[in-house]
């Protein structure tokens, strides 16, 4: 049943001066309805809106009783779970500032953020995550409070006090009324959180996101949902790390703004089953996951015989023609047939009631978008960055789903293209600046315009198209520009290739470091009668030729300057653990280049 908030309901977001007030208002409206759900002992268990409000209010009061003052920074280290959302809201309700960090952070990472942010308190979910965190707290000059969401076993506290999250969250309706009233003093200009950019190079910088920036990121998507799909009782499945700005705004505060229910996924291994159980209406995902889901769908269909494969081929052909504006009248009959056969089965694998799957965090290969669109799943590619709250633009059916664009700017968002092609953004979504780093702030915010560092254009329909990162563009020895993300995206769509990075700056052609897909490599070994050994395979010339065939297929669709002429295998997959991926799954080019520079340089001497 739709929310009874009148016409143009997204405009209601304008009345809130902060995120906390929006939450408490929604909690009053929704009452005992389920809000936050997680799987416990094999069963989905929900916390109601009013129960969450009591916990938020109690924890906010506890923070004050522990001596935290308005403006104090509080670090939050936890996997996605209901307690994450409650803690985040409580920090803000106490007029403090949330500093979310990745669960994959090392002690050195934590120490940098603690020292840079000057966080007074740290909330950590469990003993495992505390192992990397506590040594950083011990050496911190400011942190003197640790709160464990579950029990922590720390031999001695040193110069900090340890508290139980459970003990601090026992609240009443009177607490809710008190904190609701106090929260009204928080303004849109006040800093809600400091999110440290995952950083493809150098140390992470703290982005100060004010309440108004994130509220802007709630209103914009709410307008899209309301006007393009209809705003009903929405259900979200939270999967991406909440420490990332994309999930923080789009996967937490956007659902709160809609009065939606949030389920927390059990992880990548159980994501498919979680989707079927939860049946989300909106999914917020990064491109890499769509690539994985696409590969799994293709494999599933391949095993089902000739007819499903025939239908998949027809669906993709229709989708490609539609994307190119070349649909034919005779396609309509097949389209109707697919709507009764293949597409319902695919939709059911996604729960059967998906309105839209929203891709963000990195560029989406248009082929991926067309693939899912062909199968009856609406794919919306969004665009933004942490410095903009993060959402700047998003595709929507009203303006036409053109998969090589990221759609028009969100409502109340100004976008223009600088003379050198850089995308500039202005509006309430822009950050207040980098924490304790005015010099870097002045480099990216000039005359009120955020300089995104992305190169792009605006098409005749007002849609933004991203061509590449300004700093990532490769300039060959003839002065030609090559966008690496486009080529790498095409390479990783091949079943033989898991990951790829191309180089060629000031060189005559492109070369690549390639990670073969382990599942494909295992199947290849079996067909060749070889014992599977991922490392030894890479020294096998027949294996390398098989991967080279995949590179050749991609080269057929590339211009002369983009073609990958030679490649070397990477020693292992790019990962967060070896620091070759950021926590948001972007490749760290400088790290990979440094590791493989000698071998990549040698490719020009062969």
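So which of 212, 220, 230 ends up being in a loop (DSSP other than H, G, I, E, B) and either over 12 Å from residue 389 (Cα atoms) or modelled with pLDDT of 95 or more (or both)?
230 is the lone residue from the list that is in a loop (DSSP other than H, G, I, E, B) and either over 12 Å from residue 389 (Cα atoms) or modelled with pLDDT of 95 or more (or both).
I need a count of the residues in segment 514-533 that are in a helix (DSSP H, G or I) and closer than 18 Å to residue 550 by Cα.
Total satisfying the criteria: 10.
Given 547, 487, 511, which one is under 20 Å from residue 559 (Cβ atoms), modelled with pLDDT of 95 or more and either touching a strand residue (DSSP E or B) at 6+ places or on another chain (Cβ under 6 Å) or part of a loop (DSSP other than H, G, I, E, B) (or both)?
Step by step, each of 547, 487, 511 is checked, and only 511 is under 20 Å from residue 559 (Cβ atoms), modelled with pLDDT of 95 or more and either touching a strand residue (DSSP E or B) at 6+ places or on another chain (Cβ under 6 Å) or part of a loop (DSSP other than H, G, I, E, B) (or both).
Return the total of residues in segment 455-471 being under 20 Å from the mean Cα position of the chain (by Cα), in contact (Cβ under 8 Å) with a residue 40 or more places away in the chain and under 20 Å from residue 588 (Cβ atoms).
1
Filter the strands (runs of 3 or more DSSP E) completely within segment 25-84 down to those with at least 3 residues that are out of contact with any helix residue (DSSP H, G or I) (no Cβ under 6 Å at 6 or more places or on another chain) and either surrounded by 16 or more Cβ atoms within 10 Å (Cβ to Cβ) or free of Cβ contacts under 8 Å to residues at least 40 places away in the same chain (or both).
Because the criterion is at least 3 residues that are out of contact with any helix residue (DSSP H, G or I) (no Cβ under 6 Å at 6 or more places or on another chain) and either surrounded by 16 or more Cβ atoms within 10 Å (Cβ to Cβ) or free of Cβ contacts under 8 Å to residues at least 40 places away in the same chain (or both), the strands (runs of 3 or more DSSP E) in segment 25-84 that meet it are 34-40, 43-48.
When the residues of segment 381-400 are narrowed to those that are surrounded by fewer than 24 Cβ atoms within 10 Å (Cβ to Cβ) and touching a strand residue (DSSP E or B) at 6+ places or on another chain (Cβ under 7 Å), which ends up nearest to residue 458 (Cα to Cα)?
That would be 396.
Within segment 128-169, how many residues turn out to be touching a strand residue (DSSP E or B) at 6+ places or on another chain (Cβ under 8 Å) and assigned to a helix (DSSP H, G or I)?
Residues flagged as touching a strand residue (DSSP E or B) at 6+ places or on another chain (Cβ under 8 Å) and assigned to a helix (DSSP H, G or I) within segment 128-169 amount to 7.
If we keep just the residues of segment 427-448 that are buried (at least 18 other Cβ atoms within 10 Å of the Cβ) and in a strand (DSSP E or B), which is farthest from the chain's Cα centre (by Cα)?
Only one residue tops the list, namely 445.
Output the residues belonging to segment 414-445 that are without any contact (Cβ under 8 Å) to a residue 60 or more places away in the chain and closer than 29 Å to residue 119 by Cα.
Hits for segment 414-445 are 438, 439, 441, 442, 443, 444, 445.
So that you can scan it fast, the table gives a plain yes or no per residue for (1) surrounded by 18 or more Cβ atoms within 10 Å (Cβ to Cβ); (2) modelled with pLDDT of 95 or more; (3) in a loop (DSSP other than H, G, I, E, B):
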site: 5; (1), (2), (3): no, no, yes
site: 10; (1), (2), (3): yes, no, no
site: 20; (1), (2), (3): yes, yes, no
site: 23; (1), (2), (3): yes, yes, no
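The values are calculated or read from the model by the stated rules, or taken from the named source; none is laboratory data. This structure is a prediction, so every number in the text was calculated from the model and none was measured. Here the Cβ is made from the backbone with ideal geometry for all residues, glycine too, and neighbour counts use every protein chain on show.
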